Amino acid sequence: MRWLAGCAGVLALMGWPIHAPANVQEQRARLPPPATDCSDPVTGTWMSHAFYPQQRQWYVVNLDVRRVPGQPSQLTGQMRVHFWTGDERTSEPPACDSGRTRAEVRETARGTVAPDGTIVFSGIEYTVERDYCGFMGGYAVDTYSGKIDFSLMEFQSILDDGHAFRNIPVVFRRVACAESPTVPHPVVVPPNTPPGHVSGCSR
């Protein structure tokens, strides 16, 4: 589970709201402009930048979404998650100091998308990419679900990790198109012609 999941009961005793909704408009204002000229309306990198006051944590999440070849409704890819502790003013990662946590994790992910844009993208397993400071090593994989607004290239998702982060609204915006798959350059093998051989008629 996430490193603060076990602290949920403590936060409740302190009077902090466990399910206080994130400010959706503030989240949208932090995001870069949308990528709107992609060849596929679903694939690409979807980004969120949100503060969760109930956990006193910031999260920048990038969903790298691809379609499963031959199965357009099935999705695959990864989540890249960068998080740190702070208050509502610490929107960028601060320097490490006593009691602060900051880390990056990567989750392999899969999901589905319907023709109307309803999308579910779930982490399967995670790897700690970088521990800047204070990370205790436990992390609950994420599930984001929502419906894509194709006019904005955004979807207002609900985050649920099965532990401390449940039913939390998070806005994702597509910020980059999917990279085109690399087409291998054909290797042309020259014919096995013996040296000095001349085909056809000769004088």
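Observations on the model:
- With a Förster radius of 25 Å applied to the beta-carbon distance between residue 100 and residue 30, the computed FRET efficiency rounds to 0.75.
- Added length on full extension, which subtracts the Cα-Cα distance from 0.36 nm per residue, residue 176 to residue 124: 16.4 nm
- Database remark: amide H of residue 159 closer than 5 angstrom to the amide H of 167, 168, 170 (H placed geometrically; neighbours at sequence offset of 5 or more, or on other chains; Pro and chain starts carry no H).
- For residue 164, nonlocal amide neighbours, meaning residues 5 or more places apart or on other chains whose placed amide H falls under 5 Å from its own, are 2.
- Virtual paramagnetic centre 7 Å along Cα→Cβ of residue 23, amide N under 12 Å, in the range 52-81: 52-53
- One chain, two ends: residue 116 and residue 131. Fully extended at 0.36 nm per residue, the span grows by 1.5 nm beyond their Cα-Cα distance.
- Each residue of the range 38-51 was assigned a 3J(HN,Hα) from its phi angle through the Karplus expression (A = 6.51, B = -1.76, C = 1.60, θ = phi - 60°), giving 7, 6, 10, x, 10, 6, x, 9, 10, 10, 10, 8, 10, 10 Hz with x at Gly and Pro.
- Backbone amide hydrogens, once placed in the peptide plane, bring residue 101 within less than 5 Å of 85, excluding anything fewer than 5 places away on its chain.
- Sorting 83-89, 42-48 by their mean Cβ neighbour count within 10 Å, with the most densely packed peptide first, gives 42-48, 83-89.
All of the numbers you see were taken from the coordinates with simple rules; none came from a lab. As the structure is a prediction and not an experimental result, all values here were calculated from the model. Here the Cβ is made from the backbone with ideal geometry for all residues, glycine too, and neighbour counts use every protein chain on show.
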